[in-house]
Amino acid sequence: MTEKIRILAVDDSKSTLEVLKRNLESRGYEVLTCLRVDEALPLLDEYRIDIVITDFRMPQATGLDLIRHVRENHRDVEIMMITGYPSISGAVEAIKDGAGEYLPKPFTSEELLNAMDRIMERVNRRRAVKVVEVPDETYGIAGNSSGMQLVFRRIGKAAATSANVLISGDSGTGKELVARAVHYHSDRRAAPFVPVNCAAIPDSLVESELFGHVKGAFTGAKEARAGFFEIANGGSIFLDEIGDASPNMQAKLLRVLQSKEFCKVGSSVVHTVDTRILAATHKNLKRLVEDGSFREDLYYRLNVVDIPVPSLAERGDDILTLVSNFLVKFSKAMQRPTPCMTDEALQALRNYSWPGNVRELENLIHRLVVIVDHDPIEVNDLPPNMRFCLPVEGRVDRSLEDVEREHIKNVLAMTNNNKTRAAEILGINRKTLREKLKRMELEL
């Protein structure tokens, strides 16, 4: 169960503390209050504090002093500065020292809660990226998204039987991890798991690779050799990229799936085999069947249990959990402390579309751990195409006008409503942007 967010409010005005406490507790937050900075310091050490809200000017130590203390000693804590003496220089100094939000007094309940919503986005990202032990029921695969929960349920069902399994998903999504999870949680776990890349076997060697050959079966066959099916007898064979299998390979696979028998090349001796098939593809096999490039009878033999693996872009905050796991993994391998990432860097990774999926993310984190020599890792350390990405909208049932409206609103939000900067990013002049905004307001 998720722990309640705990806020520490520090202000020398009792009425301000009462307003903060009333509004924030109505939202379900736990609020601790104190009137001076020196009262706040022991509370920071004693309690797990998620957010500090501090006044700017207070007797003795100031809000800026508290911000610097929090940043140096409790860097996971988010900070909001509030003040009755708003100034540009004060805001700049507060943000420079680590305040994530700057709220001038007097503020409305709506302004306070909107600022809290923005801070909570950062708090939730930090919580998601914390290192967690992967429980047994997730089969050693990190993920809490709905798509991955379906994968875990299907793994459990498949592992309880000896039925053939078809795993589908884009390249880099972790299809082999799913196949291994099925095998190593099944009754066949003590027998071999044999991976085979169907796209890498030349057509002339298909029969020899799959079923083996006897000595002298062909030129160069100086000794007998077992094939993949014989090696995997009693266990599982993982046919990766089954959609790239040649017609010849498809025919050979269908025969052994139907009869559970094969002959080695150069021999007429029939061997019986008990091998489970775990196949994977990034292609749409159903469409290949319709096109006539994949055998329908083989498709139905393979697709007894189907496990669709979602792309990384569809997995939400799983991205942050994977970032954490990879940071730990590669830091341990290099025997160095595990670095953190700034909120801006995490948000950029969360918004990126990840065409290379988990494999691309793993490669990126490995590279960052190797080349970045400061902590935390910042957004400027990311590749240029990842630094300023807007959230990917998955829906395709919207009009072009709706997409344009949403995109303009996102760019304005990212630039803090700086219309000149927004126009530059959008590739239009300020006058055109102003006209578009006017039209959007009329329609809305």
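As an exercise: evaluate I307 against (1) under 30 Å from Q258 (Cα atoms); (2) assigned to a helix (DSSP H, G or I) and give the number of the one condition it does not meet.
(2) is the only condition that I307 fails.
Of everything in the stretch 26-42, what is among the hydroxyl-bearing types (S, T, Y) and either surrounded by fewer than 17 Cβ atoms within 10 Å (Cβ to Cβ) or assigned to a strand (DSSP E or B) (or both)? Give them in sequence order.
S26, T33
Within the stretch 268-296, restricting attention to residues that are in contact with an Asp or Glu (Cβ under 6 Å, 6 or more places away or on another chain) and without any contact (Cβ under 8 Å) to a residue 60 or more places away in the chain, which residue is surrounded by the most Cβ atoms within 10 Å (Cβ to Cβ)?
V289
Can you find, within the stretch 225-239, the residue that is farthest from L166 (Cα to Cα) among those that are aromatic (F, W, Y) and buried (at least 24 other Cβ atoms within 10 Å of the Cβ)?
F229
Every residue, every condition in (1) among the aliphatic types (A, V, I, L, M); (2) closer than 29 Å to D375 by Cβ, yes or no:
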{"site": "L17", "(1), (2)": "yes, no"}
{"site": "K21", "(1), (2)": "no, no"}
{"site": "E39", "(1), (2)": "no, no"}
{"site": "L44", "(1), (2)": "yes, yes"}
{"site": "R48", "(1), (2)": "no, yes"}
{"site": "P59", "(1), (2)": "no, no"}
{"site": "N73", "(1), (2)": "no, yes"}
{"site": "T83", "(1), (2)": "no, no"}
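Right, T342: of a type in the set (V, I, T), surrounded by 14 or more Cβ atoms within 10 Å (Cβ to Cβ) and closer than 24 Å to R387 by Cβ or not?
For T342, the condition - of a type in the set (V, I, T), surrounded by 14 or more Cβ atoms within 10 Å (Cβ to Cβ) and closer than 24 Å to R387 by Cβ - is met.
Could you go through the stretch 313-334 and let me know if any residue there is assigned to a loop (DSSP other than H, G, I, E, B) and over 21 Å from V178 (Cβ atoms).
yes
For V77, work out the one condition from (1) open to solvent by 20 Å² or more (accessible area, probe 1.4 Å); (2) at pLDDT 80 or above it doesn't fulfil.
That leaves (1) as the condition not met.
Tally the residues that are open to solvent by 40 Å² or more (accessible area, probe 1.4 Å) and in contact (Cβ under 8 Å) with a residue 24 or more places away in the chain, restricting the search to the stretch 191-213.
Of the residues in that region, 6 qualify.
The values are calculated or read from the model by the stated rules, or taken from the named source; none is laboratory data. This is a predicted model, so every value here is computed, not measured. All Cβ positions, glycine included, derive from the backbone under ideal geometry; neighbour counts span all protein chains shown. The protein model used for the area step is the full one, side chains on, heavy atoms only, and it has no ligands, DNA or RNA in it. Shrake-Rupley method; radii C 1.70, N 1.55, O 1.52, S 1.80 Å.
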